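These notes concern the structure reproduced below.
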Amino acid sequence: MSKNLVVGYPRIGEHRELKFALENFWSGKNSFKDVEEVAKHLRAKAWNTQKEAGVELISSNDFSYYDQMLDTMILVGAIPDRFKSIQDKTEQYFAMARGYENGVAMAMRKWFNTNYHYIIPELAQDEAFKLDNTKVIDEYKEAAALGIKTKINLISPITFLALSMTTDGSDQFLLFDKLLKVYEELFKEISKLDDEIIVQLDDPIFTTDVEPKLLSLIKPCYEKLANAASNIKIIATTYFEHSNEATKVLVHTPIWGLGLDFVAGSKNIDSLAEIAKSDKVLAAGVINGRNVWKNDIMKTKELLETLSVIIPKERLIISTSCSLLHVPYSLENENKLDNTIKDSLSFAKEKLNELTLASRIFFGSIENDDELLQENKNSIERLKNSKLIHNEAVQSRVGNIAKWVRDGEFSERIALQKAKLGYPDLATTTIGSFPQTPELRKARRDYKNNEISGEEYEEFIKNYIRETITIQEKIGLDVLVHGEPERNDMVEYFGELLNGFAFSSNGWVQSYGARCVKPPLLYGDVSREVPMTLQWILYAQSLTSKIVKGMLTGPVTMINWSFVREDIPRSEVATQIALALADEIDDLQNNGIKMIQVDEAAFKEGYPLRHENRASYEKWAVDSFKLSVSSAHKETQIHTHMCYSEFNDIIHTIEEMDADVITIETAKSGNSLLKIFKEVGYTKEVGPGVYDIHSPRIPTVEEIKTQIALLLEVLPKEQLWINPDCGLKTRKWEEVIPSLENMVKAVVSFR
Ligand code: GLN
Ligand code: ZN
C-alpha cells in the first residue's frame, strides 16, 4: 500500500504561468491553444515534481483553469440559464467565471476559512444535470501517459450542494438524488480507466457545524458511489477542522479510507477508536498545507506514533493536511530573504520532501535519513533561538500592559466628539483608498527598483494626495481621506514598516481565477520603529480645513492575511501589533488628527469554522482591536471598516469593539443587513455603504436616494454616515468622481 499522499497541488504555476497565459488569452493576445499548452506543461511539472520527491499518491483533476467548483459545475452540467446559449465550451466556462455581454459573472465566496474564492453554483429545481467527464478522464490519461497513476480528486456531491445556492429559493438538497445519479455515472466511467483506481472525494463541509440533515446524506452518497464500481477505492477527505460527526457515519459505509486533517483539526484524534474498529485506511494529514513554516519532523513522528497506537501502521498513510494550493510553490525562487528566515520556511515543493521524509522515518527506513532529520532539527532550533524573532522589549511590554481600553464610555466620547468635530448628520466620507492608477503603480515600482529617488517618489505621492484632497473638496465630501497612494496593499504596507514581517519575492498564492496574493511572512515579534502613516496624513491635513481621517489596518486583518508564526499564540501576535498601532494613533492625534480609522476588513472572514472555537477568536480579536485604539483620547473619533458585513450572529461582538463609527458593506442588500443594529439597540454610529464599488457602474442620484431612504427606515440620521461600500482603489477616477458627486447630491435632499 502507498505510504504517503498529497491532497492537491498548486496549479497557477511556479512563475504564475497560468495567470499570464489566461490574461493574454482574455485580452486577445493569444489563443486558447496557447493556454492549453501552458496548462499541460504545468500539470506535467506538478506530477513529476511530486513523483521525484517520492510522493506515492499524486492527484489528477486538482488542476483547474479557474476554479474547482466551476469545474464541478461543468462536470455535472449545472449551467445557469444565462450562459446556456454559449456554444463554445471555453467561452462558456470563462463567461460563467467572469461574465459576458449577456450575463453577469457568477458570484464568488471564500473557500471555508481560506483566502481562496470559489464560484458559487447557481441551481434550480428543474436542473437537468448531465455528465461531462472530459476533464476528469483526460487528466487521468495525461498523467498515465507520463507513467504516473493518479488518484482522481473530486468534490463530493454533498459539499457541492452545500456550497450552492438556488435561484428559485428552493432547497438545493432536493436535488441530491438527481445529482448523485450523475456521480454514479461518472464513477462507472472512471472504473473503466484501470483495474483499480483511487478517488478522493473532498467533503470539507463536514468540518463546519452541519445539521443532521447533511449527515444523513453521507450513507446514501457513499454507499451508492462505492457500489457504482467495485474497482474504485474511495477516500473521503475533509480538511481545515475536525469532522468527527461525519467520521462516525463514514466508517459504516463501504469507502476505502478517510483523509483527515490533524493540523487544523487536531480533535480528529477523538475519532481514532471508531476508525480503528472499522477496516478503513486513514490518510493522516500531518504536514500543514496552510502555513509556510518548516514542519518539526520529530513532532510529526510523535503524532504519528500516537495515531499508530490505535490505528495499525498498515492502515496509515501520511498526508498533507489539505491541498497545497494555499501555500506558494517553492523556496528555490527566493533569494532576498534573510537566511535564517528562509531556512525556517517550507513552501509546497519543500513540503513534499517533509512528507516523504516523515513517511520514511515513520515506516522505518531511517538510516540514510539521519542527516536530513538532523538538518530539520537544526533549522527548528536555529529559529527558536534566533535573535531575529525574539525582541525582549516587545515581550516585556506585552507582559506589562496596564491599559487595554481607551478612556470614556461611548456616550461621553460621542458628545465631546460631536461638539468638537462639528460634522453634520448623514456625514459623507469614503473608506480610504482612491484609484490606484497605472502611473501610481509605476512610480512605486520605480522607487522600489531604485529607478527614481526617494524625493521624486515623495513628490509623486504628495501630488496625488494634493489632487485627491482637491477632488474631495470639490465634490463636497464632509470627511476627507488622503487616498492611500503610498500603499500597494493594506497589510503589506504596514508589514514592510514593522519589525517582525518579511516578504517573499515570489510567494504567490492563488486567490481566485488568475488572481494571486503574496501574503507577508509574520516571523517574529512585532514592533514599530518610526511612525508609519504620520507624514502622509499630516500632509493631507495641511491642505484642507476639513477633517482628514487617518487610516490604519487593524491587528486581526494583518494576522488573517499573513502567514503567521506558530511558536506563540495568535492572540499574542495580535497584542504586539496592537501596541504598535496604539503608538501610531497617539502620534496622529498628538499632531492634530481628529479621526482615525482602523480597518478590520478580514474580521468576519477570520471566524473559525466551528462554533466551539468562536469565543476564543472573538476574545483575542476584540481585545487586540481595543488595545490598538486604547491610546485614543476621548475626543479622537475612532472609525473601523469591515467588508463582509453579515453581522446577525456577531453583532454583540461588533458592539464590544466599541468603535465610535463603523462603516460596512451593505449596498447590495438594501437595508436588510442594517436591521440587526436596530434590533439590538446599537447606539454607536454606522456608515452603511450606499453603493457597490465592485462594479464600474456609476450609481444614479435616485438610486442612492432610494438606498438612503431605506437606511433611514432603520436608523435615525443622527446615527448614520453616508459612504461607498469599500475602498475605491480598484476603480477609475472617471467612475469614482461622478459616483461620489451623486452620493453627495443624494444626501443633500435628506438634510
Ligand atoms: N481603507 C481600505 C481601502 O479603502 C479598506 C480596504 C478594505 O476594506 N478591503 O482600500
Ligand atoms: Zn472593505
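Checked across segment 540-557, the condition of being of a type in the set (S, T, Y) and within 15 Å of ligand 1 (Cβ to nearest atom) holds for at least one residue. On the stretch given as segment 430-460, residues that are crowded, with 17+ Cβ neighbours inside 10 Å and within 16 Å of ligand 1 (Cβ to nearest atom) total 9. All told, G103 meets the bar of being modelled with pLDDT under 95, over 15 Å from G513 (Cα atoms) and under 27 Å from the mean Cα position of the chain (by Cα). Tell me whether segment 571-590 contains one or more residues that are surrounded by fewer than 17 Cβ atoms within 10 Å (Cβ to Cβ), free of Cβ contacts under 8 Å to residues at least 12 places away in the same chain and not in a loop (DSSP other than H, G, I, E, B). Within segment 571-590 (the criterion being surrounded by fewer than 17 Cβ atoms within 10 Å (Cβ to Cβ), free of Cβ contacts under 8 Å to residues at least 12 places away in the same chain and not in a loop (DSSP other than H, G, I, E, B)), the answer is yes, since at least one residue qualifies.
Select from segment 514-568 the residues that are part of a loop (DSSP other than H, G, I, E, B) and β-branched (V, I, T) and write down the one among them that is surrounded by the most Cβ atoms within 10 Å (Cβ to Cβ). Among residues in segment 514-568 that are part of a loop (DSSP other than H, G, I, E, B) and β-branched (V, I, T), the one surrounded by the most Cβ atoms within 10 Å (Cβ to Cβ) is T533. Among the residues of segment 498-524, those identified as more than 16 Å from E17 (Cα to Cα), touching a residue at least 60 places away in the same chain (Cβ under 8 Å) and touching a Phe, Trp or Tyr at 6+ places or on another chain (Cβ under 9 Å) are G500, F501, A502, S504, P519, L521, Y523, G524. Residue-level check: of (1) assigned to a helix (DSSP H, G or I); (2) under 30 Å from R16 (Cα atoms), T300 misses just (2). The combined condition, being within 16 Å of ligand 1 (Cβ to nearest atom), in contact (Cβ under 8 Å) with a residue 60 or more places away in the chain and over 25 Å from the mean Cα position of the chain (by Cα), is fulfilled by I638. For segment 284-340, filtering for residues that are surrounded by fewer than 17 Cβ atoms within 10 Å (Cβ to Cβ), of a type in the set (A, V, I, L, M, F, W, C) and in contact (Cβ under 8 Å) with a residue 24 or more places away in the chain leaves 2. Taken over segment 694-728, the residue count meeting the criterion of being within 16 Å of ligand 2 (Cβ to nearest atom) and in contact (Cβ under 8 Å) with a residue 40 or more places away in the chain is 8. Looking at the structure I just gave you, is T666 β-branched (V, I, T), within 22 Å of the chain's Cα centre (by Cα) and at pLDDT 95 or above? No; evaluated as a whole, the condition is false for this residue. With respect to the conditions (1) exposed (fewer than 15 other Cβ atoms within 10 Å of the Cβ); (2) in contact (Cβ under 8 Å) with a residue 12 or more places away in the chain; (3) farther than 29 Å from D195 by Cβ, S243 falls short on a single one, namely (1). Counting only residues that are part of a helix (DSSP H, G or I) and charged (D, E, K, R), segment 671-699 holds 3 of them. Among the residues making up segment 729-751, a single one is within 16 Å of ligand 2 (Cβ to nearest atom) and either without any contact (Cβ under 8 Å) to a residue 12 or more places away in the chain or touching a Ser or Thr at 6+ places or on another chain (Cβ under 6 Å) (or both): K729. For segment 393-429, the tally of residues that are more than 16 Å from ligand 1 (Cβ to nearest atom) and assigned to a loop (DSSP other than H, G, I, E, B) stands at 15. Taking every residue in segment 594-619 that is farther than 17 Å from E665 by Cα and pairing it with any residue that is of a type in the set (D, E, K, R) and in a strand (DSSP E or B), at least 6 positions away or on another chain, the pairs with Cβ-Cβ distances below 6 Å are M595/K549.
When the residues of segment 698-724 are filtered to those that are polar (S, T, N, Q) and touching a Pro at 6+ places or on another chain (Cβ under 9 Å), which remaining residue is farthest from P738 (Cα to Cα)?
Looking at the filtered set, the residue picked out is Q707.
Exactly one residue among L337, L307 is touching a strand residue (DSSP E or B) at 6+ places or on another chain (Cβ under 8 Å) and farther than 23 Å from V55 by Cβ, and that residue is L337.
Within segment 428-447, residues that are farther than 16 Å from N463 by Cα reach partners that are within 16 Å of ligand 1 (Cβ to nearest atom) and basic (K, R) with beta carbons closer than 7 Å, at six or more positions or on different chains, in the pairs T429/K549.
With respect to the conditions (1) away from ligand 1 (no atom under 14 Å from the Cβ); (2) farther than 25 Å from V573 by Cβ, W620 lacks only one, and its number is (2).
I'd like the residue in segment 655-667 that is outside any strand (DSSP E or B) and within 15 Å of ligand 1 (Cβ to nearest atom) and, out of all such residues, is nearest to L627 (Cα to Cα). Working first, answer last.
Step one: list which residues in segment 655-667 are outside any strand (DSSP E or B), which gives 655-660, 665-667.
Now restrict to residues that are within 15 Å of ligand 1 (Cβ to nearest atom): 659, 665-667.
Working: A659: 12, E665: 24, T666: 27, A667: 30 Å.
Step by step, filter segment 655-667, then rank; the result is A659.
The condition of being under 34 Å from the mean Cα position of the chain (by Cα), charged (D, E, K, R), over 26 Å from T533 (Cβ atoms) and more than 16 Å from ligand 2 (Cβ to nearest atom) holds for K387. Can you find, within segment 631-644, the residue that is farthest from ligand 2 (Cβ to nearest atom) among those that are buried (at least 21 other Cβ atoms within 10 Å of the Cβ) and outside any strand (DSSP E or B)? Residue satisfying both the conditions and the ranking: S631. A single member of A128, A145 is at pLDDT below 95, out of contact with any strand residue (DSSP E or B) (no Cβ under 9 Å at 6 or more places or on another chain), among the aliphatic types (A, V, I, L, M) and more than 30 Å from P608 (Cβ to Cβ), and it is A128.
Would you point out the residue of segment 687-714, among those that are over 32 Å from the mean Cα position of the chain (by Cα) and crowded, with 16+ Cβ neighbours inside 10 Å, that is farthest from Q637 (Cα to Cα)?
The qualifying residue farthest from Q637 (Cα to Cα) is V701.
For segment 712-746, residues that are among the polar types (S, T, N, Q) and either away from ligand 1 (no atom under 15 Å from the Cβ) or closer than 12 Å to T700 by Cα (or both) total 3.
With E612, E605, E600 as the choices, which residue is surrounded by fewer than 19 Cβ atoms within 10 Å (Cβ to Cβ) and within 16 Å of ligand 2 (Cβ to nearest atom)?
E605
Of all the numbered requirements in (1) more than 13 Å from ligand 1 (Cβ to nearest atom); (2) under 16 Å from S545 (Cβ atoms); (3) in contact with a Ser or Thr (Cβ under 6 Å, 6 or more places away or on another chain), N499 misses one, and that requirement is (2). Restricting segment 604-651 to residues that are in contact with a helix residue (DSSP H, G or I) (Cβ under 8 Å, 6 or more places away or on another chain) and of a type in the set (D, E, K, R) leaves a set whose member that is modelled with the lowest pLDDT is E605.
The values are calculated or read from the model by the stated rules, or taken from the named source; none is laboratory data. As the structure is a prediction and not an experimental result, all values here were calculated from the model. So basically every Cβ, Gly included, is an ideal-geometry build from the backbone, and we count neighbours across all protein chains shown.
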